[in-house]
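To start, the structure under review is shown below, and the notes come after it.
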Amino acid sequence: MDTLRMTNYIIAVVFFVCYTYQFLYIPVPWLLAKRKAAKAAALEATPHNYAVLICARNESAVIADLIGSLRSQTYDQSLLHIFVLADNCTDDTSDIARSAGATVYERFNNVQVGKGYALQTLLGHLEQDYPAGFDGYIVFDADNILDPGYIAAMNRTFSQGYDIVTSYRNSKNYGDNWISAGYALWFLRESRLNHARSLLGTSCAVSGTGFLFSRAVLEETGPWPFHLLTEDIQFSVHEILQGRKVAFAPDAVLYDEQPTTFRQSWDQRLRWSKGFYQVNANYSGDLVRGFCQKPSWKSWSCYDMFMTVAPGMLLTLVTIAFNLVVCLACWGQPSYIVREILSVSGSFLLSTVASFYLGLLLYGILTVLCEWDQIQIPTGKKFLYVFTFPLFMFTYIPISLAALVKKVEWKPIYHTGSRQSLGKAA
């Protein structure tokens with residue numbers, strides 16, 4: 001009995017110690033942002049020549065809006081070159097993108113499916129057609145919309161000498177329902193954590209879309225060799241292990257469209273969960289060796305990324321399953337033993353569920369309060385979706401289990417062009 005109680009206690013303490021630092025990130029921008037922003041503003045930004053990379057699969061509903069927002073940038077348009085890879089399209093995405101002024105390539109490959117392969121193809125075309133290359137390459141998803149000063153803000157950070165820069169990710173349709181709000185709140189949290197990381201001098205992590213990498217990175221890696229189901233986190237981990245720091249441009253704000261149906265959400269997050277397992281399997285050893293080295297920004301970032309890709313949800317489920325097995329195994333024992341085991345395991349299970357809900361609720365509350373002005377929905381909905389956020393995250397439980405045993409392939413997420421929660425970029 002004491003062994004069971006001690007096991008549960010140790011697991012709870014380990015999880016608390018390992019992940020509490022993420023809560024401590026949240027107030028960092030309050031404390032340091034103004035001072036760092038003043039120093040950054042004093043630096044002169046060097047104009048750079050950028051290639052914008054957009055991989056689009058049947059995105060006729062949204063591709064023109066993204067290109068329009070790129071053409072509305074305050075940045076010098078002569079230094080901005082827009083390239084679209086129409087990937088296995090069966091609609092008129094290519095024609096719309098060309099009409100909007102983009103250079104369009106087409107790809108038809110039903111074997112190598114996914115954004116990673118599409119980016120590799122697009123960069124291969126640029127390598128052949130533009131041998132002089134570009135200073136930087138900025139990756140967007142077709143459903144993105146940008147603030148007018150987005151490219152200028154990215155360029156300011158890039159001009160400080162960083163090879164990789166990621167941006168602030170907001171949502172076009174935060175207020176559609178509890179599913180889109182769950183996504184939106186999670187991405188605002190990621191932006192908050194990235195801001196804290198950058199202010200503390202450690203590495204950020206790329207989150208899906210809205211990131212920039214230099215020609216030096218491209219020359220080192222070749223045309224995008226990152227093909228796991230979560231190629232963004234694979235790219236982040238790979239570059240951190242190479243000693244490159246991912247920077248954050250807090251004033252570079254993009255908006256993207258989140259799924260609103262559970263079916264699409266399930267497919268997308270199943271891919272993400274499987275992709276995290278893949279990254280964990282391929283890179284955990286290197287990350288552990290990295291954070292065991294002499295303390296530095298790199299060793300801390302290796303720890304941070306290890307905590308990001310580590311299957312914490314899966315380990316929690318294993319612990320819960322262990323307690324349930326113990327409960328089932330005790331039925332043949334004397335009644336006083338059964339009562340005590342049920343008491344210990346039952347208390348642990350209830351406290352685990354309650355702790356997860358309250359922890360996620362606290363995360364949601366802090367994020368909403370910190371990013372209040374960036375959430376363009378009515379106040380009542382802001383509070384409502386804080387309470388549904390933990391429920392959204394709880395749906396990762398069956399998703400994590402399914403991803404463990406199921407073969408997962410990349411599936412497209414269809415966009416409608418919804419802008420219900422779009423702020424100043426509209």
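Just one of the numbered conditions (1) part of a strand (DSSP E or B); (2) out of contact with any Phe, Trp or Tyr (no Cβ under 7 Å at 6 or more places or on another chain); (3) hydrophobic (A, V, I, L, M, F, W, C) is not true of Ala205: (1). The set of residues in the range 206-219 that are at pLDDT 95 or above and either open to solvent by 10 Å² or more (accessible area, probe 1.4 Å) or basic (Lys, Arg) (or both) comprises Arg215, Ala216, Leu218, Glu219. The numbered conditions (1) buried (at least 24 other Cβ atoms within 10 Å of the Cβ); (2) in contact with an Asp or Glu (Cβ under 9 Å, 6 or more places away or on another chain); (3) not in a strand (DSSP E or B) are all true for Ile233 except (2).
Table: residues versus (1) more than 17 Å from the chain's Cα centre (by Cα); (2) charged (D, E, K, R); (3) closer than 26 Å to Ala196 by Cα.
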{"position": "Phe211", "(1), (2), (3)": "no, no, yes"}
{"position": "Gly222", "(1), (2), (3)": "yes, no, no"}
{"position": "Gln258", "(1), (2), (3)": "no, no, yes"}
{"position": "Arg271", "(1), (2), (3)": "no, yes, no"}
{"position": "Asn280", "(1), (2), (3)": "no, no, yes"}
{"position": "Ser299", "(1), (2), (3)": "yes, no, yes"}
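Only one entry of Gln112, Gln128 meets the criterion of being at pLDDT below 95 and open to solvent by 60 Å² or more (accessible area, probe 1.4 Å), and that entry is Gln112.
Residues that are open to solvent by 40 Å² or more (accessible area, probe 1.4 Å) and among the polar types (S, T, N, Q) within the range 61-84 comprise Ser72, Thr74, Gln77, Ser78, listed in sequence order. Determine if the range 249-271 includes at least one residue that is over 25 Å from Ser180 (Cβ atoms) and out of contact with any Leu (no Cβ under 7 Å at 6 or more places or on another chain). No, the range 249-271 has no match at all. Considering only residues that are of a type in the set (D, E, K, R), closer than 25 Å to Gly417 by Cβ and outside any loop (DSSP other than H, G, I, E, B), which ones fall in the range 144-188? Within the range 144-188, Arg169 is the sole residue that qualifies. Spot the failing condition for Pro412; the list is (1) over 22 Å from Tyr168 (Cα atoms); (2) of a type outside the set (A, V, I, L, M); (3) open to solvent by 50 Å² or more (accessible area, probe 1.4 Å), and only one is missed. Pro412 satisfies all of (1) over 22 Å from Tyr168 (Cα atoms); (2) of a type outside the set (A, V, I, L, M); (3) open to solvent by 50 Å² or more (accessible area, probe 1.4 Å) except (3). Can you work out which of the residues in the range 143-183 that are among the aliphatic types (A, V, I, L, M) and within 20 Å of Pro223 (Cα to Cα) is surrounded by the most Cβ atoms within 10 Å (Cβ to Cβ)? By that ranking, first place goes to Val165.
For Pro295, the conditions (1) open to solvent by 40 Å² or more (accessible area, probe 1.4 Å); (2) within 16 Å of His227 (Cα to Cα) all hold with the exception of (2).
Scanning the range 124-165 for residues that are farther than 21 Å from Ala100 by Cα and under 22 Å from the mean Cα position of the chain (by Cα) yields Gly136, Ala153, Met154, Asn155, Thr157, Phe158, Tyr162, Asp163, Ile164, Val165. For Ser343, are the conditions met, namely being among the hydroxyl-bearing types (Ser, Thr, Tyr), at pLDDT 70 or above and open to solvent by 50 Å² or more (accessible area, probe 1.4 Å)? Here the answer is no, as Ser343 does not meet what is asked.
Within the range 238-265, the set of residues being open to solvent by 10 Å² or more (accessible area, probe 1.4 Å) and of a type in the set (D, E, K, R) comprises Arg244, Lys245, Asp251, Glu257, Arg263.
The values are calculated or read from the model by the stated rules, or taken from the named source; none is laboratory data. Since we're looking at a predicted model, the values are computed, not measured. Here the Cβ is made from the backbone with ideal geometry for all residues, glycine too, and neighbour counts use every protein chain on show. Keep in mind that these areas ignore ligands, DNA and RNA; they rest on the heavy atoms of the full protein, side chains included. Shrake-Rupley method; radii C 1.70, N 1.55, O 1.52, S 1.80 Å.
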